[in-house]
Amino acid sequence: MNAIRREWRALACAMQFLTRIPLATQTLFDNKDYANSLAWYPVIGLILGGLVWLSGVALTELSSASLAAALLLAVWVLLTGALHLDGVADVADAWVGGFGDREKTFQILKDPRSGPIAVVVLVLVLLVKWAALEVLLGSGQWSIIWLIPLLARGAMPYVFWRLDYASSSGLGSALVAGLSRQRVLISLLFVVVIVMLSLASQLDILLLFVVVSVLIYLWWKRASYQKLGGFNGDCAGALVESLELGLLLGLAIYTGSSL
C-alpha cells in the first residue's frame, strides 16, 4: 500500500472514529490504520472547530444569546456523537465508585451502564459549557473558539506517546502499539504552529490557553495514575472534555471581565 493511500486511510479512520461526519464510503480499518490515525487527531479537531465556528456565525443572528449557545452546544455534541462525554460518564462513575481500588475501578469502567454520579457530572459539564458559550456569544468574544477542539484533540498524540496505557485490550492498546514518535512530533508541531499563528496578536489569550491546558493536563494525569496507574480510552475522552470545558470557561471568564 502506497504512502498516500495509507495516510488517506488514517485520516478517514480518525474522521470516522472522532466524528459523526459521514464518509463517502464505509471502510473497515485495521490496527495499523488506527495507530496512524492518532497523528491526524489535531486535523480532525481543526475541522470540528471550523464547523463549530461556522455554526456560531449562523446562530449569532438569533436575538437570544442563551438560545444560540444551547443550539451551538447541541451542534458541537452532535458532530462528535457525544464520544468523549461517554468517557466522562464512565470515568466519573469509576473514579468515585472505585474508592481507590484499581481492580474495582477497572470493573466499573467496563460496565456500560451509567450511575447517578455519571448523570450529575454530565449535566454539570453541559451546563457550564452552555453558560460559557452564552457569555462568549453575548459579548461577541467567541471568534477563537474554533481553536478549542483543535487543542483538546491535539493533546491526544502526546498522551498516548508519553504516558502509560493501563489496559492491554481495547482500541487504545492498538493506538499505543503502533505509535510512531515521528508522527506524534509532526502532529504536535502542527498544533503549535496553528495556535501560535492564530494568536500572535493576542498573547494574553495564548498565555491563558497554555496555562489552563497545562493545569488541566497535570490534574488529569495525577488523578489517572492514582486511580489506574496510567490511563485508558475513557480517561483520554475525559481529558478531551476537560480541556474543552476548561478552555471555554477560562475564555468566558477572562473576556467577560475585560469588557
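The values are calculated or read from the model by the stated rules, or taken from the named source; none is laboratory data. Worth saying up front: this structure is predicted, and the values here are computed from it rather than measured. Here Cβ is always computed from backbone atoms with ideal geometry, including for glycine, and neighbour counts include all displayed protein chains.
Details
- Evaluation of GLU134 against the conditions (1) farther than 21 Å from PHE190 by Cα; (2) out of contact with any Leu (no Cβ under 7 Å at 6 or more places or on another chain); (3) surrounded by fewer than 19 Cβ atoms within 10 Å (Cβ to Cβ) shows that the sole unmet condition is (3).
- Tally, over the stretch 214-241, of residues that are closer than 19 Å to VAL128 by Cα and buried (at least 20 other Cβ atoms within 10 Å of the Cβ): 7
- Lone unmet requirement of (1) in contact (Cβ under 8 Å) with a residue 40 or more places away in the chain; (2) of a type in the set (A, V, I, L, M); (3) not in a helix (DSSP H, G or I) for VAL43: (3)
- Residue, nearest to ASN232 (Cα to Cα), within the stretch 48-70, restricted to residues that are of a type in the set (A, V, I, L, M) and surrounded by fewer than 19 Cβ atoms within 10 Å (Cβ to Cβ): LEU51
- Helices (runs of 4 or more DSSP H) enclosed by the stretch 105-179 - at least 1 residues per element that are within 19 Å of ILE216 (Cα to Cα) and under 19 Å from the mean Cα position of the chain (by Cα): 116-139, 147-162
- Meets criteria (surrounded by fewer than 16 Cβ atoms within 10 Å (Cβ to Cβ) and of a type in the set (Lys, Arg)) for ARG153: no
- Any chance ALA70 is closer than 22 Å to THR19 by Cα and without any contact (Cβ under 8 Å) to a residue 40 or more places away in the chain: no
- Looking at VAL91, VAL96, just one residue is of a type outside the set (Asp, Glu), part of a helix (DSSP H, G or I) and more than 19 Å from LEU18 (Cα to Cα), and that residue is VAL96.
- Exclusive hit being of a type in the set (Lys, Arg) and either modelled with pLDDT of 95 or more or in contact with a Ser or Thr (Cβ under 6 Å, 6 or more places away or on another chain) (or both), set ARG181, ARG222: ARG222
- Of the criteria (1) free of Cβ contacts under 8 Å to residues at least 40 places away in the same chain; (2) in contact with a Gly (Cβ under 7 Å, 6 or more places away or on another chain); (3) of a type in the set (D, E, K, R), which one LYS227 fails: (1)
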